[in-house]
Amino acid sequence: MTNKPYTGGCACGALRYEIAAEPLAGLHCQCIDCRRESGTGHGSHMAFPRAAATITGKATRWDNKADSSNIKTSAFCPTCGSPVYTTFAAMPEMIAVRAASLDEPERFVPQFVTYAVRGLAWDPLDPALKRFEKMPG
(Lines give C-alpha, C1' and ligand atoms only; values in the text may rest on other atoms or scores of the structure.)
Protein backbone atom coordinates (compact mmCIF):
# COMPACT_ATOMS: atom_id res chain seq x y z
CA MET A 1 0.00 0.00 0.00
CA THR A 2 1.05 3.56 -0.56
CA ASN A 3 0.32 4.24 3.14
CA LYS A 4 -2.08 6.92 1.98
CA PRO A 5 -5.66 5.95 2.77
CA TYR A 6 -8.46 6.27 0.26
CA THR A 7 -10.90 8.91 1.50
CA GLY A 8 -14.16 10.23 0.21
CA GLY A 9 -17.82 10.77 0.86
CA CYS A 10 -21.03 12.39 -0.25
CA ALA A 11 -21.51 15.80 -1.88
CA CYS A 12 -22.44 17.60 1.36
CA GLY A 13 -19.78 15.93 3.54
CA ALA A 14 -22.17 14.38 6.07
CA LEU A 15 -21.22 10.79 5.10
CA ARG A 16 -17.48 10.06 4.88
CA TYR A 17 -15.17 7.07 4.64
CA GLU A 18 -11.50 6.31 5.05
CA ILE A 19 -10.04 3.05 3.79
CA ALA A 20 -6.61 1.91 4.91
CA ALA A 21 -6.03 -0.73 2.22
CA GLU A 22 -5.32 -1.02 -1.46
CA PRO A 23 -8.34 -1.75 -3.66
CA LEU A 24 -9.22 -5.33 -4.52
CA ALA A 25 -10.51 -4.13 -7.89
CA GLY A 26 -11.58 -1.13 -9.90
CA LEU A 27 -14.51 -1.69 -12.23
CA HIS A 28 -17.30 -0.27 -14.31
CA CYS A 29 -20.67 -1.98 -13.83
CA GLN A 30 -23.36 -1.73 -16.49
CA CYS A 31 -26.16 -3.42 -14.51
CA ILE A 32 -29.53 -1.72 -14.42
CA ASP A 33 -29.15 -0.67 -10.76
CA CYS A 34 -25.76 0.97 -11.30
CA ARG A 35 -27.09 2.80 -14.34
CA ARG A 36 -30.06 4.12 -12.40
CA GLU A 37 -28.03 5.09 -9.32
CA SER A 38 -25.41 6.90 -11.38
CA GLY A 39 -27.83 8.54 -13.78
CA THR A 40 -25.75 7.39 -16.74
CA GLY A 41 -24.77 4.19 -18.58
CA HIS A 42 -22.68 2.60 -15.83
CA GLY A 43 -21.42 2.91 -12.28
CA SER A 44 -17.70 3.05 -11.49
CA HIS A 45 -16.57 1.40 -8.26
CA MET A 46 -13.54 0.46 -6.22
CA ALA A 47 -13.84 -2.68 -4.11
CA PHE A 48 -11.97 -2.90 -0.79
CA PRO A 49 -11.76 -5.20 2.22
CA ARG A 50 -14.66 -4.10 4.42
CA ALA A 51 -12.59 -4.42 7.59
CA ALA A 52 -10.26 -1.66 6.33
CA ALA A 53 -13.09 0.87 5.96
CA THR A 54 -14.09 3.40 8.60
CA ILE A 55 -17.40 5.12 7.88
CA THR A 56 -18.47 8.30 9.67
CA GLY A 57 -21.93 9.81 9.45
CA LYS A 58 -25.27 8.12 9.05
CA ALA A 59 -26.15 6.45 5.77
CA THR A 60 -29.59 5.63 4.50
CA ARG A 61 -29.53 2.08 3.21
CA TRP A 62 -31.60 0.35 0.59
CA ASP A 63 -31.61 -3.43 0.13
CA ASN A 64 -32.13 -4.55 -3.43
CA LYS A 65 -32.09 -7.84 -5.29
CA ALA A 66 -29.20 -7.57 -7.74
CA ASP A 67 -29.08 -9.04 -11.25
CA SER A 68 -27.26 -11.98 -9.64
CA SER A 69 -30.32 -12.54 -7.35
CA ASN A 70 -28.14 -11.75 -4.33
CA ILE A 71 -29.04 -8.91 -1.98
CA LYS A 72 -26.92 -5.80 -2.20
CA THR A 73 -27.25 -2.81 0.08
CA SER A 74 -26.78 0.63 -1.40
CA ALA A 75 -25.79 3.34 1.07
CA PHE A 76 -26.39 6.99 0.34
CA CYS A 77 -26.46 10.28 2.21
CA PRO A 78 -29.89 11.12 3.65
CA THR A 79 -29.14 14.84 3.32
CA CYS A 80 -27.83 15.26 -0.24
CA GLY A 81 -28.81 11.86 -1.70
CA SER A 82 -25.34 10.99 -3.04
CA PRO A 83 -24.74 7.24 -3.48
CA VAL A 84 -21.50 6.48 -1.63
CA TYR A 85 -20.98 2.74 -1.12
CA THR A 86 -22.47 -0.71 -1.57
CA THR A 87 -22.19 -3.90 0.46
CA PHE A 88 -23.16 -7.39 -0.63
CA ALA A 89 -24.85 -10.15 1.39
CA ALA A 90 -22.98 -12.80 -0.64
CA MET A 91 -19.61 -11.08 -0.02
CA PRO A 92 -19.80 -9.56 3.48
CA GLU A 93 -16.02 -9.07 3.60
CA MET A 94 -16.14 -6.50 0.78
CA ILE A 95 -17.29 -2.89 0.38
CA ALA A 96 -17.50 -1.06 -2.95
CA VAL A 97 -17.25 2.72 -3.00
CA ARG A 98 -18.39 4.90 -5.87
CA ALA A 99 -15.31 6.13 -7.71
CA ALA A 100 -16.93 9.56 -8.03
CA SER A 101 -17.16 9.77 -4.22
CA LEU A 102 -13.37 9.66 -3.82
CA ASP A 103 -11.62 12.82 -2.65
CA GLU A 104 -9.03 11.96 -5.30
CA PRO A 105 -11.03 10.30 -8.09
CA GLU A 106 -7.88 10.11 -10.23
CA ARG A 107 -6.80 7.20 -7.98
CA PHE A 108 -9.53 5.08 -9.59
CA VAL A 109 -8.08 2.62 -12.10
CA PRO A 110 -10.68 0.50 -13.92
CA GLN A 111 -9.61 -3.08 -14.58
CA PHE A 112 -12.77 -4.66 -16.00
CA VAL A 113 -16.45 -4.24 -16.85
CA THR A 114 -19.25 -6.26 -15.25
CA TYR A 115 -22.72 -6.82 -16.71
CA ALA A 116 -21.47 -5.91 -20.18
CA VAL A 117 -24.59 -7.68 -21.46
CA ARG A 118 -26.53 -4.62 -20.22
CA GLY A 119 -24.22 -2.04 -21.83
CA LEU A 120 -25.77 0.76 -23.85
CA ALA A 121 -24.43 1.79 -27.26
CA TRP A 122 -24.38 5.46 -26.24
CA ASP A 123 -22.08 4.72 -23.27
CA PRO A 124 -18.93 3.18 -24.78
CA LEU A 125 -16.25 2.10 -22.32
CA ASP A 126 -12.55 1.49 -22.92
CA PRO A 127 -12.44 -1.48 -25.34
CA ALA A 128 -9.14 -2.63 -23.79
CA LEU A 129 -10.89 -3.51 -20.51
CA LYS A 130 -11.79 -7.16 -19.87
CA ARG A 131 -15.54 -7.65 -20.06
CA PHE A 132 -17.77 -10.02 -18.14
CA GLU A 133 -21.31 -10.55 -19.42
CA LYS A 134 -22.48 -10.79 -15.80
CA MET A 135 -20.67 -10.90 -12.44
CA PRO A 136 -17.43 -12.90 -12.58
CA GLY A 137 -17.52 -15.96 -10.37
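Here are some notes:
- Exactly one residue out of 100, 51 is touching a helix residue (DSSP H, G or I) at 6+ places or on another chain (Cβ under 9 Å), assigned to a helix (DSSP H, G or I) and surrounded by fewer than 19 Cβ atoms within 10 Å (Cβ to Cβ): that is 100.
- Total residues in region 104-131 satisfying the condition of being more than 12 Å from residue 46 (Cα to Cα), crowded, with 16+ Cβ neighbours inside 10 Å and either free of Cβ contacts under 8 Å to residues at least 12 places away in the same chain or aromatic (Phe, Trp, Tyr) (or both): the figure is 1.
- Of all the numbered requirements in (1) out of contact with any Leu (no Cβ under 7 Å at 6 or more places or on another chain); (2) over 21 Å from residue 14 (Cβ atoms); (3) not acidic (Asp, Glu), residue 47 misses one, and that requirement is (1).
- Residue check for residue 25: of a type in the set (A, V, I, L, M), in contact (Cβ under 8 Å) with a residue 24 or more places away in the chain, surrounded by 16 or more Cβ atoms within 10 Å (Cβ to Cβ) and more than 27 Å from residue 130 (Cα to Cα): no
- Tally, over region 67-103, of residues that are closer than 22 Å to residue 32 by Cα, touching a Phe, Trp or Tyr at 6+ places or on another chain (Cβ under 8 Å) and either in contact (Cβ under 8 Å) with a residue 24 or more places away in the chain or not hydrophobic (A, V, I, L, M, F, W, C) (or both): 18
- Applying the criterion of being in contact with a Pro (Cβ under 9 Å, 6 or more places away or on another chain) and either at pLDDT below 90 or in a strand (DSSP E or B) (or both) to the residues of region 55-94, the residue that is farthest from residue 116 (Cα to Cα) is 60.
- Here residue 17 meets the list (1) closer than 12 Å to residue 53 by Cβ; (2) free of Cβ contacts under 8 Å to residues at least 12 places away in the same chain almost entirely, failing just condition (2).
- Filtered by the rule that a residue be outside any loop (DSSP other than H, G, I, E, B), over 17 Å from the mean Cα position of the chain (by Cα) and not charged (D, E, K, R), region 108-137 gives a lone residue, 117.
- Number of positions in region 29-41 that are surrounded by 16 or more Cβ atoms within 10 Å (Cβ to Cβ) and farther than 21 Å from residue 65 by Cβ: 1
- Members of region 54-98 that are among the hydrophobic types (A, V, I, L, M, F, W, C) and in contact with a Leu (Cβ under 9 Å, 6 or more places away or on another chain): 55, 59, 75, 76, 77, 80, 84, 94, 96
The values are calculated or read from the model by the stated rules, or taken from the named source; none is laboratory data. Remember, predicted model here, so these are calculated numbers, not experimental data. As a convention, Cβ positions derive from the backbone with ideal geometry for all residues, glycine included, and neighbour counts pool all protein chains shown.
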